[in-house]
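J.: Sending over a structure as structure tokens; questions will come in a sec.
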Amino acid sequence: MKWKILSMLTLVVFFGLYACGGNESTEEANATEEPPASMVEDEPEASPFGVGPVQEEITLPDEIDQALAEKGKEIYTTKCIACHNPEHDAIGPAQKGIFERRNPTWVMNMILNPEGMIKEDPVAKKLFEKYNKVAMTNMGLTQEDARAVMEYIRTF
């Protein structure tokens with residue numbers, strides 16, 4: 001009986017001390033918290049064009065240029081299809097509907113400068129994280145080739 005009482009008393013003291021915490025004052029506790037939002041520097045706003053050689057807005061025409069899309073199809077099937085399924089996420093994101101999610105100039109810069117985009121563009125950084133930190137390979141395309149690939153992507 002004495003052991004039960006002693007055990008219960010020990011547990012009550014233990015939990016009482018545990019619940020009270022240590023000797024840390026409120027000021028010390030607040031010192032470890034993050035500074036108020038007003039004191040934190042904001043990330044620079046991302047350019048809608050991304051980071052790369054194209055810095056003027058690309059406007060895609062309403063009608064698809066079939067000859068350009070055919071050229072883009074050849075490039076896409078040899079250089080892009082290994083990582084990008086047109087309709088489903090694979091190693092990289094699906095391409096269908098990309099121009100509803102991203103500015104055409106941003107897409108062009110991602111094709112032409114994937115290293116710089118992943119390093120400096122906040123959206124590209126998030127995609128890099130989302131897709132298991134697999135960096136898009138720079139395929140060494142010209143701007144004309146990249147534009148052809150974009151035209152083909154529009155056919156999905």
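J.: Give, in nm to one decimal, the length gained when the segment between LYS126 and THR155 is fully stretched (0.36 nm per residue of separation minus the Cα-Cα distance).
T.: Taking LYS126 through THR155 to full extension adds about 7.8 nm, to one decimal.
J.: Is there a pair in LYS96/LYS130; LYS96/LYS133; LYS71/LYS130; LYS79/LYS125 whose C-alpha atoms are over 27 Å apart, and which pairs would that be?
T.: LYS71/LYS130
J.: Something else now. Any chance you could check the Cα centroid distance between the stretch 49-90 and the stretch 95-156 for me, in angstrom?
T.: Using only Cα atoms to place each centre, the spacing works out to 8 Å.
J.: Exactly which GluC sites (Glu not before Pro) in the stretch 46-127 are in a DSSP loop and have at most 13 other Cβ atoms within 10 Å?
T.: The qualifying sites are GLU56, GLU57, GLU63, GLU87.
J.: Return VAL149, VAL54 ranked ascending by Cβ neighbour count within 10 Å, so the fewest neighbours appear first.
T.: VAL54, VAL149
J.: Treat the count of other C-beta atoms within 10 Å as a stand-in for reagent exposure and order LEU60, LEU112, LEU127 from fewest to most.
T.: Sorted ascending by nearby Cβ count, the order is LEU60, LEU127, LEU112.
No value in this document is a laboratory result; all are computed from the given coordinates. Computed from a prediction, not measured in an experiment: that's the story for all the values here. Virtual Cβ from ideal backbone geometry, glycine too; neighbours counted across all protein chains shown.
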